[in-house]
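One structure is given here, and the rest of the page talks about it.
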Amino acid sequence: MSITLFETILNDTKLAMKAKQKAEVEALRLISNEIKMDAINNKSPLPPADSTSIAILTKLVKQRKDSISQFNNAGRADLAEKEEFQLSVISKYLPAQVSENKLREMVSEKLVELSIKDISGLGKLMQEFKKMPAGTIDMSLVSKIARNILSN
């Protein structure tokens, strides 16, 4: 049986602890605690499926990006820096993201394929992109690109 993403994170936590990398240990514990809490809340077994872990990691990335933006706006570079480090650690465990240019191309193709001409079809478009592998696409970027294309 292959090792799950959750087990990889736990192993990396142990390695970081041995190497006395305090900030990395903190970030990895944050990840593993979120995954454990999700399993408890949903009464699901540990280790969870990789798709579940990726969904949680994606949520954590979104939270970190929001926090970074808020901390930067508030002039708290120290807190933003901590969040950026956590974001970099979390991102290591996510599958490679589709580039913005490739995503723009994909959105344009889907709009034509689904015959979407205005914003009212945005939900239909988003449902199509949600079918793609978790963590590979930034859904907020899909929405932004689609709105930009449809408003022109």
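The values are calculated or read from the model by the stated rules, or taken from the named source; none is laboratory data. Fair warning: this is a prediction, and the values are worked out from it, not measured in the lab. Cβ atoms come from the backbone with ideal geometry, glycine included; neighbour counts cover every protein chain shown. Please note that ligands, DNA and RNA were not included when accessible areas were found on the heavy atoms of the full protein model with its side chains. Shrake-Rupley method; radii C 1.70, N 1.55, O 1.52, S 1.80 Å.
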Discussion item. Place a point 7 Å from the Cα of Arg76 along the Cα-to-Cβ direction; which residues of the range 50-67 have their backbone N under 20 Å from it?
Written reply: 60-67
Worksheet, complete the sentence: From the cross-link list Lys22/Lys62; Lys65/Lys92; Lys20/Lys59; Lys92/Lys144; Lys59/Lys117, the entries with a Cα-Cα span beyond 19 Å are Lys22/Lys62; Lys20/Lys59; Lys92/Lys144; Lys59/Lys117
Response to the item:
Heavy-atom accessible area of the chain with neighbours in place, 1.4 angstrom probe: carbon+sulfur share in percent works out to 54 percent
Worksheet item: Once the piece of chain linking Asn152 and Lys92 is laid out straight, how much longer is it, given 0.36 nm per residue of separation minus the C-alpha distance between them?
Response: 18.0 nm
Worksheet entry | Answer label, with volume of the Cα convex hull per residue in Å³ calculated from the coordinates and candidates (i) 185; (ii) 215; (iii) 152 | (iii)
Fill in: Mean separation of Cα contacts under 8 Å, 6 or more apart, over the residue count of the chain: relative contact order %
21 percent
Discussion item. Output wanted: per-residue J couplings in Hz (rounded whole) for the range 87-97, from phi through Karplus 6.51 cos²θ - 1.76 cosθ + 1.60, θ = phi - 60°, x for Gly and Pro.
Written reply: 4, 5, 5, 4, 4, 4, 9, 8, x, 4, 7
Item to complete: Provide the gained length on full extension for the span Ser115 to Met139, in nm with one decimal, where the gain is 0.36 nm per separating residue minus the Cα-Cα distance.
Response: 6.7 nm
Worksheet item: So how strong a dipole does the range 11-152 carry about its Cα centre when Lys and Arg Cβ are +1 and Asp and Glu Cβ are -1, to the nearest 20 debye?
Response: 260 debye
Worksheet entry | Radius, Kirkwood style, for the range 62-140 when every pair of distinct Cα atoms is counted (Å) | 14.7 Å
Item to complete: Taking the Cα centre of the range 1-90 as origin, sum charge times position over the Cβ atoms of Lys and Arg (+1) and Asp and Glu (-1), and report the length of that vector in debye to the nearest 20.
Response: 180 debye
Fill in: Helix-derived mean residue ellipticity, 222 nm - over the chain, DSSP H n ≥ 4, -39500 (n - 2.57), to 500
-23500 deg cm²/dmol
Practice prompt. Mind checking the per residue accessible area of the range 1-127 for me, 1.4 Å probe, whole number of Å²?
Written response: 64 Å²
